[in-house]
Amino acid sequence: MKQFLFGSTLNGTKWFNIAWLLFRFYIGFTIAIGAGWPKMYEITAPGWFVKQVGELGFTFPSPAFWAAAAAWGEFVGGLCIAFGFFTRISAIQLAFQFFVVAFIWYNEPAPMIGMYYQQLLFWGFVLIAVAGAGKYSVDHWIMNKPSSKSSIGSFAPAGMLVLFFLLVSFHQKQEPILKPSELNHLQGTWHGVLTYIDYTSGFPTNIETKVHSRKKDDEQNSRVWLLKYEYPKEPGANAEGQYELSKDGSMINGEKIVEKEQLKDGSLKIAFERRGKDGNDQKPCTIRTVIQLNVTDLVILKLVKFDGEQEYFQRNQYKLTK
């Protein structure tokens, strides 16, 4: 059992073990900081993640239980792999999680040609589960129980590298970051319907809509998209707007991006929000814009949450296709 928990099948040279250490650092911190840490803002798991887990069928004892287990498994398991502590157990549980994501969650997994990042991570965890942590790890230290200064000294460089990567990772921004190229599907003319909730009656109203979207300039990485809204039956309401992405990719139109998610159908979902006022009485509120985008479909939601309220309600929705 000790050999399974802390042992390794690697018997390579010093440089091979250093390379394996760097591989563990990369894959471990990628999961811990990139996937697990953003879900740590809540003790259990964020609502969108609980919903995803429930849709996959993990409902007993509850989706919230499995979502929390997955979130903490990513964070703690990733750190354990980076440090090389209980490496095999951590790799096995993460391999299971990413098997579900890569081969079950996607509508069309395409195991050999899909080139999904999650599939690459799955095979990385399988490799670590088979090989173990290697020489430069806590597991190796436990297996060999070093007692001499020379043994401890040989482990010190690995410890210094772990500390360095940990400090670098935790100083990186944890908020969602959007690249200009991720909005390229906005380009073109969209047709559809605007549905909005009337301020006075409270009932929804539908308006035929056309939206023209283009980059402000011809650069591939342009950060500004110009939008022209046309309402054929109400031309007096025609308007123009824009989406301007900040240089660091953390804001749109000066509003902080609070969510970025790749949906099951391949669509990109982003949400950004600001403080404002809404309603006939101009009550203070948080206004959240949600964009769901793929090659042929575009949905833009305006959600409002008044101060003192717990839930957002939908003020309007653009549902468009090319």
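Among the residues of region 287-308, those identified as in a strand (DSSP E or B) and over 17 Å from residue 229 (Cβ atoms) are 287, 288, 290, 292, 297, 303, 304, 305, 306.
Between 303, 245, the distinction of being aliphatic (A, V, I, L, M), surrounded by 17 or more Cβ atoms within 10 Å (Cβ to Cβ) and in contact with a Pro (Cβ under 9 Å, 6 or more places away or on another chain) belongs to 245 only. Applying the criterion of at least 3 residues that are at pLDDT 85 or above, of a type in the set (Val, Ile, Thr) and under 24 Å from residue 120 (Cβ atoms) to the helices (runs of 4 or more DSSP H) found wholly in region 46-105 leaves 87-100.
Kindly indicate which of 228, 233 is in a loop (DSSP other than H, G, I, E, B) and of a type in the set (Lys, Arg). On inspection, the qualifying residue turns out to be 233.
Residue pairs whose Cβ atoms lie under 8 Å apart, sitting 6 or more positions apart in sequence or on different chains, and linking a residue in region 267-281 that is over 13 Å from residue 250 (Cα atoms) and not assigned by TED's automatic domain parsing to the domain that holds residue 196 to a partner that is among the charged types (D, E, K, R) and surrounded by fewer than 16 Cβ atoms within 10 Å (Cβ to Cβ), do not occur here.
Residues being assigned by TED's automatic domain parsing to the domain that holds residue 88 and either among the β-branched types (Val, Ile, Thr) or at pLDDT 85 or above (or both) are represented in region 141-161 by at least one member. Within region 237-280, which residues are in a loop (DSSP other than H, G, I, E, B), within 30 Å of residue 55 (Cα to Cα) and basic (Lys, Arg)? Selection gives 264 alone. Of all residues assigned to region 261-273, none qualifies as being surrounded by fewer than 16 Cβ atoms within 10 Å (Cβ to Cβ) and farther than 30 Å from residue 103 by Cα.
The values are calculated or read from the model by the stated rules, or taken from the named source; none is laboratory data. Computed from a prediction, not measured in an experiment: that's the story for all the values here. Cβ coordinates were reconstructed from backbone atoms using ideal geometry, including for glycine residues, and neighbour counts include every protein chain displayed.
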